[in-house]
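Working notes, structure below.
The values are calculated or read from the model by the stated rules, or taken from the named source; none is laboratory data. Just so it is clear, the model here is predicted, and its values are computed rather than measured. Glycine gets a Cβ as well: all are built from the backbone with ideal geometry, and neighbour counts include every protein chain shown.
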Amino acid sequence: MNEGAHHAPDAPHGSLREYLIGFFLSVVLTAIPFWLVMARPLAPGPTAVLIVAFAVVQIIVHMVYFLHMNARSEGGWTMIALIFTLIVVAIALAGSMWVMHHLDTNMMPMPHEVSRQP
């Protein structure tokens, strides 16, 4: 079977070195949050923030080392699609949080109203 039949000639191909770097980074970026949860060296708030930060970095590592996403791949269209997706997700998350906040603020009884009820 022809090698060119599976991939476009200008498609990025990862080398073994790149895959090993990506794998090593993925393992480290998984092991550190695991240790943070198991050893509990920090309070829950900072631990949660660090876990989210490590998750974001791991997403970037996977996109770069395993999906080979960069500004040059496919004429930049994959990066444009990624940016559009991130914007849509951010709008959906922000809107959901806004709606939930306003539901909580406007629909839950106030503490002094609860104590007056028989």
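Some values worked out for this structure:
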| read-out | value |
| --- | --- |
| Odd one out for Ile51, checked against (1) more than 13 Å from the chain's Cα centre (by Cα); (2) at pLDDT 95 or above | (1) |
| Which numbered condition Leu67 fails, given (1) without any contact (Cβ under 8 Å) to a residue 12 or more places away in the chain; (2) part of a helix (DSSP H, G or I) | (2) |
| Count of the range 1-47 residues which are at pLDDT 95 or above, in a helix (DSSP H, G or I) and of a type in the set (A, V, I, L, M, F, W, C) | 16 |
